[in-house]
Structures are given as C-alpha cells and as structure tokens.
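K.L.:
Dropping a structure here in structure tokens format, bear with me for questions.
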Amino acid sequence: MEKIKIVLAKAHEEQMENSDIQQEVVDVQKFFDENDFPFKEGAVFFVILRGNYEPIDKSMTVAGVFVNHSGTPIKALKGSLHIELKENNEAAFRKMDFQFPPEFLGEIKHKEGFIMHVKVPAERMPEEKRLYQATELAGRIDDIQVIQ
C-alpha cells in the first residue's frame, strides 16, 4: 500500500496551532493510511472525505484532499472541481473553478495531499439529509494545470 502524507497548504500552516485542525490532519492521515487508493502516476487527484449540506444557503461544504501523484513537487494548481451524489440524479452541483497560486499552496511534494474545504452551490438536494459520507459522493477534477 502506498503512503500519502497529509499536509496543509502554506496559507493554512499557521492553523496547525488549532487543536481541531490538528485532529482533522490526524484523522485524515489515518483514513489515508487505512485505505488503498489506485492513484495513477503522473496526475493530481481529489479524494472526497465528506460533505455537509446547508439547506438555508443551498450549498454543500465538501472536505477533500488534493493528492499530488505527478512525480514532482507542485507549486501552483488550477482547474475545475465537479461533485455529484452517487445515488441521486436529481441533485446538481455547480462546477467550481479553483486556483491555488504559489503563495497559497507553497510546495506539495510527490505523494503528499493537502486538505481543502470547498463550498459548492447545490440544487434539488434532499432537505432532510445534511451529512454525506465519502461513499455517497463522487468528484473529479478537469482542466487541471500544474506549475512545478
């Protein structure tokens, strides 16, 4: 099993003093240590951890990890994130464009992953359900541009 080291983006490193952030890093590292991911060489992946739907503003905060499996360090990252519910074809999430410049990202080495929380507008979601596990969500990144 391949080991992925969980890190924080440079802009979030000072948050490691926060005990909740420390615990999240420990929990996410444990999740990656206990699961095997079929990462292909030469790419960047997004692994969904969970989603929290907020019906008042019709959005879902998705927690996930961008994993560098490109073979070289990454200093900046740009692309589009697509999220969907696996069991509900009615629900729709807006495509989210992202851009992590060098001053935000720092340097993410090969086989490192950084945690991100992304708020995604959502439509036609079941109102009664708020928390979604990784197994209930699917995600992919497109139009990925990497600066190494």
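K.L.:
Please count how many residues of segment 93-125 are among the basic types (Lys, Arg) and at pLDDT 95 or above. Talk me through it step by step, then tell me what you get.
P.N.:
Pass one, segment 93-125, residues among the basic types (Lys, Arg): 94-95, 109, 111, 119, 124.
Those still in the list that are at pLDDT 95 or above too: 109, 111.
Counting residues in segment 93-125 that are among the basic types (Lys, Arg) and at pLDDT 95 or above gives 2.
K.L.:
Go through Phe100, Phe93, Phe32, Phe46 for me and flag whichever is of a type in the set (Phe, Trp, Tyr), touching a helix residue (DSSP H, G or I) at 6+ places or on another chain (Cβ under 9 Å) and surrounded by 14 or more Cβ atoms within 10 Å (Cβ to Cβ).
P.N.:
On the way: Phe93 fails: touching a helix residue (DSSP H, G or I) at 6+ places or on another chain (Cβ under 9 Å); Phe32 fails: touching a helix residue (DSSP H, G or I) at 6+ places or on another chain (Cβ under 9 Å); Phe46 fails: touching a helix residue (DSSP H, G or I) at 6+ places or on another chain (Cβ under 9 Å).
Sole residue among the options that is of a type in the set (Phe, Trp, Tyr), touching a helix residue (DSSP H, G or I) at 6+ places or on another chain (Cβ under 9 Å) and surrounded by 14 or more Cβ atoms within 10 Å (Cβ to Cβ): Phe100.
K.L.:
Met16 versus (1) in a strand (DSSP E or B); (2) farther than 26 Å from Ala122 by Cβ; (3) open to solvent by 40 Å² or more (accessible area, probe 1.4 Å); (4) not aromatic (Phe, Trp, Tyr): which is the lone unmet condition?
P.N.:
Condition (1) is where Met16 drops out.
K.L.:
Against the definition (without any contact (Cβ under 8 Å) to a residue 24 or more places away in the chain and either in contact with a Ser or Thr (Cβ under 6 Å, 6 or more places away or on another chain) or among the aliphatic types (A, V, I, L, M) (or both)), how does Ile83 come out, yes or no?
P.N.:
Details: without any contact (Cβ under 8 Å) to a residue 24 or more places away in the chain: no; either in contact with a Ser or Thr (Cβ under 6 Å, 6 or more places away or on another chain) or among the aliphatic types (A, V, I, L, M) (or both): yes.
In short, no.
K.L.:
Scan segment 1-13 residue by residue and report those that are open to solvent by less than 70 Å² (accessible area, probe 1.4 Å), of a type outside the set (Gly, Ala, Ser) and in a helix (DSSP H, G or I).
P.N.:
As a first pass, look at segment 1-13 and keep what is open to solvent by less than 70 Å² (accessible area, probe 1.4 Å): 2, 4, 6-9, 11-12.
Now restrict to residues that are of a type outside the set (Gly, Ala, Ser): 2, 4, 6-8, 12.
The one that is open to solvent by less than 70 Å² (accessible area, probe 1.4 Å), of a type outside the set (Gly, Ala, Ser) and in a helix (DSSP H, G or I): His12.
K.L.:
Can you say whether Phe46 is under 17 Å from the mean Cα position of the chain (by Cα), under 16 Å from Ile147 (Cβ atoms) and not charged (D, E, K, R), as far as the supplied structure shows?
P.N.:
No, not satisfied.
K.L.:
Something else: How many residues are over 18 Å from Gln133 (Cβ atoms), open to solvent by less than 20 Å² (accessible area, probe 1.4 Å) and aliphatic (A, V, I, L, M) if we restrict to segment 49-78?
P.N.:
4
K.L.:
Report the residue count in segment 101-125 for those that are within 23 Å of Asn89 (Cα to Cα) and free of Cβ contacts under 8 Å to residues at least 60 places away in the same chain. Steps first, please.
P.N.:
Narrowing segment 101-125 to residues within 23 Å of Asn89 (Cα to Cα): 118-125.
Going one step further and asking which of them are free of Cβ contacts under 8 Å to residues at least 60 places away in the same chain, we end up with 118, 124.
So the answer is 2.
K.L.:
Another question about this same structure. Could you tell me whether segment 21-30 includes any residue that is at pLDDT 95 or above and in contact with a Lys or Arg (Cβ under 8 Å, 6 or more places away or on another chain)?
P.N.:
yes
K.L.:
Name the single residue, out of those in segment 126-148 being farther than 21 Å from Glu41 by Cα and either out of contact with any Leu (no Cβ under 8 Å at 6 or more places or on another chain) or at pLDDT below 90 (or both), that is surrounded by the fewest Cβ atoms within 10 Å (Cβ to Cβ).
P.N.:
From segment 126-148, those farther than 21 Å from Glu41 by Cα are 126-137; that's our starting set.
Imposing the further condition that a residue be either out of contact with any Leu (no Cβ under 8 Å at 6 or more places or on another chain) or at pLDDT below 90 (or both) reduces the set to 126-131, 133, 135.
Working: Pro126: 12, Glu127: 8, Glu128: 6, Lys129: 13, Arg130: 13, Leu131: 9, Gln133: 10, Thr135: 10.
Among them, the one singled out is Glu128.
The values are calculated or read from the model by the stated rules, or taken from the named source; none is laboratory data. Here the structure is a predicted model, which is why all the values come from computation and not from measurement. We place every Cβ from the backbone using ideal geometry, glycine too, and count neighbours over all the protein chains shown. For the accessible areas, the whole protein counts, side chains as well, though only heavy atoms, and no ligand, DNA or RNA atoms are used. Shrake-Rupley method; radii C 1.70, N 1.55, O 1.52, S 1.80 Å.
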